[in-house]
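The values are calculated or read from the model by the stated rules, or taken from the named source; none is laboratory data. What you are looking at is a predicted structure, and each value in this text was computed from that prediction instead of being measured. Quick reminder, even Gly has a Cβ in these numbers, built from the backbone with ideal geometry, and neighbours come from all protein chains shown.
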Amino acid sequence: MKITILTLFPKMIEGFFKESIVKRAQDKGLIDIRIVDLREYAVDDYGSVDDRPYGGGVGMVLRADVVWTALNKVKVKSEKSKVKKVITSPKGKLFNQKKAQEFSKLNHLVIIAGHYEGVDERVLEYVDEEISLGDFVMTGGEIAASAIVDSIVRLLPGVLKHEEATQKESFFSTAINQLIGAIGENSILKKLRDKGIKKVQLLEYPQYTRPEEFNGIKVPAVLLSGNHKEVEKWRLKKSFEQTLKKRPDLLV
C-alpha cells in the first residue's frame, strides 16, 4: 500500500513515521509513505501558498491552485476504485475503526493536511472525502494525518506479529447471538435482537499483567485459571459491560 501526505509542515510528521510499528512496516516494504511539501508548489518566489480570505476575516486560506498542482504531481498508478484522496477537516466525516479498515484495503491513499484558517473550498472538487478526528479544532491537519496513517498501517497483513490482536480490540464486531450465549440474554440484547440487529461493536475487555496483586487489587481469578473457554466468556462479558458503561452509543 502507498500513502501520500500533502502538508505545509513535513517535519511535524516525518519523525512520527521513523519509530515503532510504522517504521517496521516501512522497513519490511509493507507500506510506502511519501510526504509532499506543499511549499514546493508555491505560486511565487516568496513561497506563497496561502492568502487572505475573500469577504474578509481572520487567518489565511490555503490556495486551491497550490493544492491542485501538488495533487497532479502525485503519481497514482492503481485503478480508481482502489485510490482515495481525502482532506483532514473539522467539517468532515468522523474517522473511526470502520473507516480505518476501509482505507487499509486501498492501493493508494492521498491525505491533504489542512492548515491555517482553512482550505479554499474549490479544493473539495478534487478530493473524495473530508475526514475529521472529532468535534474539536487543531492548528493543522498533520496530527490528524499521522493518526489516520497509524490506524491503517497496523491493520495491514504482516505488520503486527500477532494479527489476531486487531480482531479483539476496541470496536471489534460481535454477533448478538454469541453475546447471548456467553453472558445470557438481558433486556438490552433482547431489544437489539428484536430490532433485527445481528452484530454490535464492543470496546476491548480489561487487561491485566504482573503483579497478581497491586495495592490490594487482585487479578480476576478466571484469568489465572487456565480455562480458556471461561476466560473467553469473561472477556466477552466485560467487553459488553465496558461498552454499556463507557460507550452505550455503540449499542444503539
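Only one entry in 103, 171, 214 is among the aromatic types (Phe, Trp, Tyr), in contact with a helix residue (DSSP H, G or I) (Cβ under 6 Å, 6 or more places away or on another chain) and farther than 24 Å from residue 85 by Cβ, namely 171. Look through the stretch 141-177, keep the residues that are surrounded by fewer than 17 Cβ atoms within 10 Å (Cβ to Cβ) and among the basic types (Lys, Arg), and return whichever of them is nearest to the chain's Cα centre (by Cα). It comes out as 168. Within the stretch 186-208, the set of residues being farther than 19 Å from residue 173 by Cβ and not polar (S, T, N, Q) comprises 190, 194, 206, 208.
Selection of the stretch 178-219 for residues being surrounded by 10 or more Cβ atoms within 10 Å (Cβ to Cβ), in a helix (DSSP H, G or I) and either free of Cβ contacts under 8 Å to residues at least 12 places away in the same chain or of a type in the set (D, E, K, R) (or both) yields 181, 190, 191, 193. In the list 89, 78, which residue meets the criterion of being of a type in the set (S, T, N, Q), in a loop (DSSP other than H, G, I, E, B) and either buried (at least 16 other Cβ atoms within 10 Å of the Cβ) or at pLDDT below 95 (or both)? The conditions single out 78.
Rundown of residues vs (1) closer than 19 Å to residue 109 by Cβ; (2) buried (at least 18 other Cβ atoms within 10 Å of the Cβ), yes/no style:
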{"position": "15", "(1), (2)": "no, no"}
{"position": "38", "(1), (2)": "yes, yes"}
{"position": "54", "(1), (2)": "no, no"}
{"position": "69", "(1), (2)": "no, no"}
{"position": "73", "(1), (2)": "yes, no"}
{"position": "82", "(1), (2)": "yes, no"}
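Once the stretch 23-68 is narrowed to residues that are of a type in the set (A, V, I, L, M) and part of a strand (DSSP E or B), the residue that is farthest from residue 146 (Cα to Cα) is 61.
Figure legend. Inter-residue proximity from the stretch 28-45: first residues among the aromatic types (Phe, Trp, Tyr), second residues modelled with pLDDT of 95 or more and surrounded by 13 or more Cβ atoms within 10 Å (Cβ to Cβ), beta-carbon distance below 6 Å, spacing 6+ or different chains. Indicated pairs: 41/66; 41/69; 41/70. A single member of 42, 64 is farther than 15 Å from residue 7 by Cβ and among the hydrophobic types (A, V, I, L, M, F, W, C), and it is 64.
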